[in-house]
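The values are calculated or read from the model by the stated rules, or taken from the named source; none is laboratory data. Note that the structure is a prediction, hence the values are computed from the model and not measured. Here the Cβ positions follow ideal geometry from the backbone for every residue, glycine too, while neighbour counts run over all protein chains shown.
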Amino acid sequence: MNKAHSLNRPDSSAENQARRQDKFFEQLVGTTTPDLKSSVATQDAGQAFEIVSEFKPSGDQPSAIGELTQGLENSLRDQVLLGVTGSGKTFSMAHVIQNVQRPTLILAPNKTLAAQLFGEMKTFFPNNAVEYFVSYYDYYLPEAYVPRTDTYVEKEASINEQIDRMRHSATRALLEREDVIIVASVSSIYGIGAVETYGKMTVILKAGSSLDPQNLRKRLVELQYRRNDTNFQRGCFRARGDILEIFPAHLEDRAWRLSFFGEELESIQEFDPLTGE
């Protein structure tokens, strides 16, 4: 679910900028109202952050990790990690995350560095939700007017489907889990809608529950899913008799098969969209 982005006039006040950053981070990590949290079905709340690596901190790393951890526990706003660049700093950051056990937002100045950090964090935390959230445009040309030639240039854009899927996966993880690390570029400061609105658009599916398949299909259309009985792809659903198959927007190689008996949801199965198994 992606809303139109809006860009406000930059504010030179450091205090106002800090306040906006705090508000953004609170929304991103999911510090919402208890009512919203309880309304979202969570199959897996996640587990503790645990680094999987054969290496151990060495040299100046243990003291740096300890100082950074202590600073976070003391609510220090700004801390700087100096020294060797590359995976050494990432390894230290990973240990700080493991120590404090908090949802973490990592901001990178560009997509290239964000992808590098994402890959490294994914390696360190294979059992936790490490997600990637950057702009999904491969190419973007804003509309423009050239007075000299009296030429109007229409807006053009090309969306990367893989990055779009990863953005959906990131927002979903924030609502469903606590062990979340989001690696993002600066484009993530633009809003994608209110957290409360996103939470209200969730659909709870539970085997054995009462659910009208016709109403579910209407709900999927409202959520911008497309019905396509022939070309089954991400963001689509198809119906065959008492079977409804959904290809969630946040998944790449898995889809869901819902079996109905009248208005009862008998079973939910996960399958490979390519093989059907």
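Here are a few things to note about the model shown:
- Residue tally, condition loosely packed, with under 10 Cβ neighbours inside 10 Å and not charged (D, E, K, R), over the stretch 136-160: 8
- Boolean, G30 is of a type in the set (G, A, S), modelled with pLDDT under 90 and either assigned by the TED database to the domain that holds A173 or not in a helix (DSSP H, G or I) (or both): yes
- The strands (runs of 3 or more DSSP E) found entirely in the stretch 174-270 that carry 3 or more residues being surrounded by 13 or more Cβ atoms within 10 Å (Cβ to Cβ) and not assigned by the TED database to the domain that holds A115 are 236-240, 243-247, 255-261.
- Selection count where residues are assigned to a helix (DSSP H, G or I) and touching a helix residue (DSSP H, G or I) at 6+ places or on another chain (Cβ under 7 Å), scope the stretch 92-116: 6
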